[in-house]
Amino acid sequence: MIFLVLTLIVLGAASMNAQVTIGDNPDTDIPGALLNLNTTAKGGLLLSNVDIIDLSKIPTGTNLFPGIVAGTNDDTNEAFTGAIVFNTNTTTGAGVYVWNGNDWTKLGSN
């Protein structure tokens, strides 16, 4: 009996879909969206501000990228591929950047 109940729970969980909605209308379902920022409130998405000194390395000494150690292979860690931040450094170019696994690429640039 316990085996049957556990089997039904596992099969039921396998067919469930999850979507996170933040905002006023949680019933809005957009197929393919894992995160839906749906709100009538004024404002926008605020990205983490990061001072990227070297576009070929992940910044060290921040809580944003825990475990990254300067001067090691960790500062180019592929585990953070897809991380999106706002670079505050005007020398390397302030703006929105994504880590592609090898370096920071400014969004909106070729």
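Of all the numbered requirements in (1) at pLDDT 90 or above; (2) within 14 Å of the chain's Cα centre (by Cα), ASN87 misses one, and that requirement is (2). Mind listing just one residue for me: the one in region 55-71 that is surrounded by 12 or more Cβ atoms within 10 Å (Cβ to Cβ) and touching a strand residue (DSSP E or B) at 6+ places or on another chain (Cβ under 9 Å) and, of those, modelled with the lowest pLDDT? Checked region 55-71; the qualifying residue modelled with the lowest pLDDT is THR62.
The values are calculated or read from the model by the stated rules, or taken from the named source; none is laboratory data. In this text the structure is predicted, and so the values were computed from the model without any measurement. Positions of Cβ are backbone-derived with ideal geometry, glycine not excepted, and every protein chain shown enters the neighbour counts.
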